Amino acid sequence: MEQAVRRPGAVIFLYILQGFLGVGAIAGGLALLADPSGEMLGMPASVLERSPFHDFLIPGLLLLVIFGLLPLFVLYGLFRRPEWPWSLRLTPFQTLHGAWSLSLYIGFGQIIWILVQTFMMNAVSVIHVFYAGLGLLIQAVTLLPTVQRYFVLDGRGERS
């Protein structure tokens, strides 16, 4: 019988961060898909002048999928720790569950997304600083030793 392992507070905090990012991005992505002009969110299309997009349809779809659905998928993996042999092909961290690596990648992706957004908009707002900070926080919490220990796999690719 498998012994129950207590989740450290940092792991629970990581769940909250991934959930917050995912739910927020789904809301924002759906709003941009519903109104690609950006007016619903108070974003003028003029902010897209330095981008390859003429409206917010594609950015909204990317936001919905990459930073909405994917973090919730990663949250599921972090919480349930299902067997994901495919995920080990995406990471050099072979001793840790694939969802751990995906969490780290979400943090990197979030920072890159915000940097590209601020470049294309040629502006930085409080929301950009907040979401770049969220990406950094996801990375920092994912890299905490207590979090890493929680996601260590045994030699068979299962949680030890």
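Each residue of the stretch 135-146 was assigned a 3J(HN,Hα) from its phi angle through the Karplus expression (A = 6.51, B = -1.76, C = 1.60, θ = phi - 60°), giving x, 5, 5, 4, 5, 4, 5, 4, 7, 4, x, 5 Hz with x at Gly and Pro.
Restriction of the trypsin sites (Lys or Arg not before Pro) in the stretch 92-160 to DSSP coil positions whose beta-carbon has at most 15 other beta-carbons within 10 angstrom yields Arg156. Here the stretch 16-38 is scanned for amide nitrogen atoms under 13 Å from the site 7 Å beyond the Cα of Leu144 along Cα-to-Cβ, giving 16-18.
Residues Leu21, Leu144 in ascending order of nearby Cβ atoms (within 10 Å, fewest first): Leu144, Leu21. Counted by neighbouring Cβ atoms within 10 Å, the residues Val74, Val11 run from fewest to most as Val11, Val74. Close amide H partners of Leu96, meaning residues 5 or more places away or on another chain with modelled amide H under 5 Å apart, are Leu153. Counting Lys and Arg as +1 and Asp and Glu as -1 over every other residue whose Cβ lies under 13 Å from the Cβ of Val74, the net charge comes to +2. Helix 98-121 axis versus longest C-alpha principal axis of the chain: approximately 20°, rounded to the nearest ten. Among the GluC sites (Glu not before Pro) found in the stretch 1-51, those both in a DSSP coil and sparsely packed, with 13 or fewer other Cβ atoms within 10 Å of their Cβ, are Glu2, Glu49.
With +1 on the Cβ of every Lys and Arg and -1 on the Cβ of every Asp and Glu, and nothing else charged, how large is the dipole of the chain about its Cα centre, in debye rounded to the nearest 20?
Numbers: 9 positive and 8 negative charges, 130 e Å.
Dipole magnitude for the chain comes out near 620 debye.
Between Ser125 and Thr95, the C-beta separation translates, for a Förster distance of 41 Å, into a calculated FRET efficiency of about 0.55.
Computed FRET efficiency, Cβ-Cβ of Leu57 and Leu115, R0 25 Å: what is it to the nearest 0.05? Let's see the in-between values first.
On the way: r = 22 Å, r/R0 = 0.87.
Efficiency at R0 = 25 Å is approximately 0.70.
Just so you know, all these numbers are worked out from the coordinates, no wet-lab data involved. None of these values were measured; they are calculated from a predicted model. Virtual Cβ from ideal backbone geometry, glycine too; neighbours counted across all protein chains shown.
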